[in-house]
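The values are calculated or read from the model by the stated rules, or taken from the named source; none is laboratory data. In this text the structure is predicted, and so the values were computed from the model without any measurement. Cβ sites come from the backbone with ideal geometry, for glycine too, and all protein chains shown count toward neighbours. Ligands, DNA and RNA are stripped out before the accessible areas are found, and what is left, the full protein with its side chains, is counted by its heavy atoms. Shrake-Rupley method; radii C 1.70, N 1.55, O 1.52, S 1.80 Å.
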Amino acid sequence: MGAWAKRCYMAARAAMEDALRPYGLGATQWYVLYQLAHEGPILQRDLQRTLQVERATLSVVVTTLVRKGLVEQLPDRRDQRQKLLRMTSAGTRLWEELPDLSRIEDVAFSGMDAADLATAVRVLRTATERLDRSPT
């Protein structure tokens, strides 16, 4: 089951990369922009927890987005050591141009029984929660 979950994830990620390539974005950059577009400004450390990526990985992605002028990195008002991320107006304009990636989910799951999908989600969620709580 784990192998199929990984293969499905990798196929979806490849489809995302293909859709985003013309815009000069990768999947992790898209996830950062998604969070900022839907949740607003966020501390970089909180975004790292949300996206569950390595700190160094997120740092490289954020630096790239800042260099592209899509995101700005500001010192937090309460704790100057923390970095607050906010989408720029250029980032907002690009976000509005990006393709709707929900079509990837449609291709993968259209026509499948809703109960089967609910079972798959429940099984994977439960397995993930168990592994997250496991001491090993």
- Which condition does Gln52 not pass, out of (1) at positive phi; (2) touching a residue at least 40 places away in the same chain (Cβ under 8 Å), if it passes all the others? (2)
- Task: Please specify each residue of the stretch 24-46 satisfying the condition of being open to solvent by 50 Å² or more (accessible area, probe 1.4 Å) and in contact with a helix residue (DSSP H, G or I) (Cβ under 7 Å, 6 or more places away or on another chain).
- Result: Tyr31
- Query: Which residue out of Arg49, Arg21, Arg81 is assigned to a loop (DSSP other than H, G, I, E, B) and either open to solvent by 70 Å² or more (accessible area, probe 1.4 Å) or farther than 28 Å from Thr126 by Cβ (or both)?
  - Reply: Arg81
- Message: Scan the stretch 60-77 and tell me whether some residue there is closer than 30 Å to Thr128 by Cα and within 12 Å of the chain's Cα centre (by Cα).
- Response: yes
- Task: Considering every residue within the stretch 103-112, establish whether at least one is over 22 Å from Arg7 (Cβ atoms) and part of a helix (DSSP H, G or I).
- Result: no
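Would you point out the residue of the stretch 84-103, among those that are touching an Asp or Glu at 6+ places or on another chain (Cβ under 6 Å) and in contact (Cβ under 8 Å) with a residue 24 or more places away in the chain, that is least open to solvent (accessible area, probe 1.4 Å)?
The first filter runs over the stretch 84-103 and keeps only residues touching an Asp or Glu at 6+ places or on another chain (Cβ under 6 Å), leaving 84, 86, 88.
Retained after the next criterion (residues that are in contact (Cβ under 8 Å) with a residue 24 or more places away in the chain): 84, 86.
Numbers: Leu84: 43, Arg86: 93 Å².
Checking each candidate, the answer is Leu84.
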- Which condition number in (1) under 16 Å from Val62 (Cβ atoms); (2) over 15 Å from the mean Cα position of the chain (by Cα) is the one that Gln35 fails? (2)
- Pairs, first farther than 23 Å from Thr128 by Cα in the stretch 5-28, second of a type in the set (Ser, Thr, Tyr) and surrounded by 11 or more Cβ atoms within 10 Å (Cβ to Cβ), C-beta under 9 Å, six or more apart: Gly26/Thr64
- Message: Tell me yes or no: at least one residue of the stretch 104-127 is under 17 Å from the mean Cα position of the chain (by Cα), of a type in the set (A, V, I, L, M) and surrounded by 11 or more Cβ atoms within 10 Å (Cβ to Cβ).
- Response: yes
